[in-house]
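As structure tokens, the structure follows; a few thoughts come after it.
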Amino acid sequence: MLRIAVPNKGSLSERASAMLKEAGYRQRKEAKELVTVDPGNQVEFFYLRPRDIAVYVSAGRLDLGITGRDLLVESGAHAEEVLALGFARSTFRYAVRPGSARSAADFDGMTIATSYENIVAKHLANSGIQATVVHLDGAVETAVELGVAQVVADVVETGTSLRNAGLEVVGEPIMESEAVLVRRPGTDDPRARQFLRRLQGVLVAGSYVMMDYDCRAEHLEDAVALTPGLEAPTVSPLHNEGWVAVRAMVPAKEAQQIMDDLYALGARAILTTAIHACRL
């Protein structure tokens with residue numbers, strides 16, 4: 001069976017399991033389950049700490065895994081990102097008390113508290129900054145108030161926790177992160193390729209909608225320019241002479257504007273339909 005790691009808890013867990021269900025895979029029914037077998041798809045899912053997943057995949061004990069890009073880089077594991085999954089997006093940033101620093105260049109001689117010491121140490125070295133890195137597990141935003149450090153480096157989604165601790169973000173992001181699918185470099189398994197195609201199908205299905213509309217034949221070229229589809233739209237003649245029906249995939253974020261533009265061209269009966277799964 002294909003052996004795949006899934007986050008067992010945290011912000012990655014729920015979204016990862018939901019995506020796998022959309023892709024047609026069985027998932028655990030209770031949070032205490034550590035392993036779920038999907039015999040129909042010949043896949044075995046292991047629910048592990050997100051920080052450990054890249055390590056297991058790198059060691060070859062598991063074929064694939066879902067984790068955060070920041071956790072992959074921090075682990076130093078010999079695993080590679082295969083596909084960005086589009087959820088659990090965040091930035092990794094420095095934060096200080098207001099007025100104590102304007103950028104990372106001001107951190108010379110300071111102490112930086114973080115749960116991601118490898119990422120921070122690498123960033124400081126690449127920037128030529130001489131600072132001390134202190135590793136803390138869990139929430140690090142209290143490190144400044146308690147005098148452990150003058151700077152914290154942490155994953156930032158909304159920044160609310162940092163602001164509540166009296167801190168402000170400074171400098172450019174250290175890195176951008178999101179959920180990613182990882183594998184051991186050099187591996188090439190047909191079952192893994194099928195798994196990847198399914199996840200890609202879920203991503204595309206969530207990014208596009210199917211649009212149907214009727215328009216006059218003389219306006220068809222202008223309409224097709226608005227809805228080119230992936231290869232080309234499907235065009236069928238209607239019973240009323242001079243009218244055609246058009247069907248095409250369009251980006252979900254642009255659907256409302258496209259509908260307005262089609263209506264202005266004289267198109268009517270404009271409909272959008274959600275796509276639940278696809279293969280491109």
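The values are calculated or read from the model by the stated rules, or taken from the named source; none is laboratory data. The structure displayed is predicted, hence computed values, not measured ones. Every residue, glycine among them, receives a Cβ derived from its backbone with ideal geometry; neighbour counts consider all protein chains shown. Keep in mind that these areas ignore ligands, DNA and RNA; they rest on the heavy atoms of the full protein, side chains included. Shrake-Rupley method; radii C 1.70, N 1.55, O 1.52, S 1.80 Å.
Every residue in the stretch 58-68 that is open to solvent by 50 Å² or more (accessible area, probe 1.4 Å) and closer than 21 Å to E117 by Cα, please.
Matches in the stretch 58-68: none.
Is it true that L83 is part of a helix (DSSP H, G or I), touching a residue at least 60 places away in the same chain (Cβ under 8 Å) and open to solvent by less than 70 Å² (accessible area, probe 1.4 Å)?
Details: part of a helix (DSSP H, G or I): no; touching a residue at least 60 places away in the same chain (Cβ under 8 Å): yes; open to solvent by less than 70 Å² (accessible area, probe 1.4 Å): yes.
No, not satisfied.
List pairs: first in the stretch 59-75 and over 19 Å from A192 (Cβ atoms), second outside any strand (DSSP E or B) and of a type in the set (K, R), Cβ under 7 Å, 6+ apart or cross-chain?
Every condition considered, the pairs that remain are L71/R51; S75/R51.
Output the number of the condition that G40 fails; it satisfies all remaining conditions of (1) assigned to a strand (DSSP E or B); (2) more than 22 Å from the chain's Cα centre (by Cα).
(1)
Restricting attention to the stretch 159-194, and to residues there that are farther than 20 Å from D137 by Cα and of a type in the set (S, T, N, Q), which single residue is modelled with the highest pLDDT?
Ranking the qualifying residues of the stretch 159-194, first place goes to Q194.
From the residues in the stretch 103-116 that are more than 19 Å from G147 (Cβ to Cβ) and either touching a Pro at 6+ places or on another chain (Cβ under 6 Å) or part of a helix (DSSP H, G or I) (or both), which one is most open to solvent (accessible area, probe 1.4 Å)?
Going through the qualifying residues, I end up with A105.
Could you check the stretch 86-102 and list, in sequence order, the residues that are outside any strand (DSSP E or B) and under 20 Å from the mean Cα position of the chain (by Cα)?
Selection gives G86, F87, A88, R89.
Exactly one of (1) open to solvent by less than 50 Å² (accessible area, probe 1.4 Å); (2) without any contact (Cβ under 8 Å) to a residue 12 or more places away in the chain is unmet by K21. Its number?
(1)
Report yes if V55 is at pLDDT 95 or above, closer than 21 Å to A277 by Cα and buried (at least 17 other Cβ atoms within 10 Å of the Cβ), otherwise no.
So V55 fails the test.
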